[in-house]
1. Points 7 angstrom from Cα along the Cβ direction at A61 and R135: gap in nanometres?
2. Identify the trypsin sites (Lys or Arg not before Pro) of the stretch 20-103 meeting these criteria: DSSP loop state and at most 16 other C-beta atoms within 10 Å of the C-beta.
3. Leaving out ligands and nucleic acids, and using a 1.4 Å probe, what accessible area per residue does the stretch 57-115 come to in Å²?
Amino acid sequence: MFKIAKSDVASPFMFGSLEPGSYERDIMAQFCVTESWNGNLSNGVITLGQLSMRFYGLSSAECGLLSLMRCYQVHDRARILELFEQASTTSSSFCFSTTMFAAGGQGQPVFCVGESIGAEEKHSGSMVGVFMFPRFKLAPGSHLAGRQ
């Protein structure tokens with residue numbers, strides 16, 4: 001999925017330090033906020049970090065998939081749910097992008113990359129992943145121009 005949005009960049013483009021390995025972290029941090037998450041397939045609990053909790057408008061770090069899905073664009077929910085269902089039955093890697101709408105009505109693009117481990121074994125498996133939140137929000141009622 002390819003999307004573009006007009007943005008009012010608050011800070012000018014600046015390269016990070018030139019220390020080995022730091023450039024990638026600096027440039028990533030300039031464009032987005034990232035945070036890991038994990039899921040327990042035996043009880044369906046997804047554990048988020050503090051930043052993700054705020055982006056999703058949740059009061060607890062532990063939640064279910066439905067709590068996340070309610071924030072996503074309606075037309076993306078079925079496909080994202082399908083990805084999670086497939087990943088919960090077979091160890092696999094997955095990714096998706098959508099726009100989320102939490103309290104306040106502003107749209108926040110979100111990218112997710114994750115993998116499931118041990119899903120097909122007798123014992124319960126788990127999921128791990130990362131959310132990437134670009135450092136811009138969409139005004140209420142605006143949309144990303146999309147091309148898939």
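1. Label-label distance for A61 and R135, simple model: 2.5 nm.
2. Of the trypsin sites (Lys or Arg not before Pro), the ones in loops of the stretch 20-103 whose Cβ has at most 16 other Cβ atoms within 10 Å are R70.
3. Counting only protein heavy atoms, the per-residue value for the stretch 57-115 is 51 Å².
The values are calculated or read from the model by the stated rules, or taken from the named source; none is laboratory data. None of the values given here were measured: they were computed from a predicted structure. Every residue, glycine as well, gets a Cβ built from its backbone with ideal geometry; the counts of neighbours run over all protein chains shown. Heads up: the accessible areas ignore ligands, DNA and RNA and are worked out on the full protein's heavy atoms, side chains in. Shrake-Rupley method; radii C 1.70, N 1.55, O 1.52, S 1.80 Å.
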